[in-house]
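See structure below.
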Amino acid sequence: MRSLSYPVLSSICALIIGILLVAFPELAVVYLVVTIGVLFLLPGLYGLFSYFFQRRKHSMEKKSYFPVLALGSTLLGIWLIVMPAFFVSILMYLLGALLLLGGLNLLAGCWAQREKGRVPVLFYVIAALVIVAGLVVLFNPFEAATVPFIMLGISSIVYSITDLVRLWRYYRLINSNITDVKIIEEE
């Protein structure tokens, strides 16, 4: 059973993560933005500290410019960490607007193409679905942001249960072939 302990633990962790993603998808969105904030913050702080360290070490020898990019990265990272819901809503509004404009563009393209030949109804249906998706995202930005995490959670649950069943069957199969066990005593 020792060889199975890591895969079983891994599958159980995937199951727990999947259940948490399905139960609390809105927290997953927030934590993703916070993680992105940390990924902006760390290199920004590194750049700033490197600048001040080098400046202090070589105060008069060479002229160096202030790392504006590092400062911007640090400030953006702090902002993402402090206000993640704000960024999720902005991103989702932007995505909703892009979907809406894309759907309208697709519909206009179908309308213009109609003069050159017959346009299948399916293209109009797809354009309408893209417009509806854009409107849904615009009017429910936070709920729309959680859908991918719910899907990820469901996938994680299915994966972990399948893997646990596979491991259980594998363990049973391996142990069913053991017929003779010799016990060796140490002297």
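The values are calculated or read from the model by the stated rules, or taken from the named source; none is laboratory data. Quantities reported herein were computed from a predicted structural model and do not represent experimental measurements. In this analysis, Cβ positions are derived from the backbone assuming ideal geometry, glycine residues included, and neighbour counts consider all displayed protein chains. Calculation scope for accessible area: heavy atoms of the full protein, side chains included, ligands and nucleic acids excluded. Shrake-Rupley method; radii C 1.70, N 1.55, O 1.52, S 1.80 Å.
A few remarks follow.
- Of everything listed in (1) modelled with pLDDT under 85; (2) over 29 Å from Ala144 (Cα atoms); (3) crowded, with 17+ Cβ neighbours inside 10 Å, the single unmet condition for Val88 is (2).
- Which listed residue is assigned to a helix (DSSP H, G or I) and open to solvent by less than 40 Å² (accessible area, probe 1.4 Å), from Gly47, Gly117: Gly47
- Boolean, Val158 is out of contact with any helix residue (DSSP H, G or I) (no Cβ under 6 Å at 6 or more places or on another chain), over 27 Å from Ile90 (Cα atoms), modelled with pLDDT of 90 or more and assigned to a helix (DSSP H, G or I): no
- Within the range 91-111, the set of residues being within 12 Å of Leu135 (Cα to Cα) and surrounded by fewer than 16 Cβ atoms within 10 Å (Cβ to Cβ) comprises Tyr93, Leu94, Ala97, Leu98, Leu101, Gly102, Leu104.
- Test result for Ala70, in contact (Cβ under 8 Å) with a residue 40 or more places away in the chain, surrounded by 12 or more Cβ atoms within 10 Å (Cβ to Cβ) and part of a helix (DSSP H, G or I): no
- The range 90-107, residues that are aliphatic (A, V, I, L, M) and closer than 20 Å to Val33 by Cα: Ile90, Leu91, Met92, Leu94, Leu95
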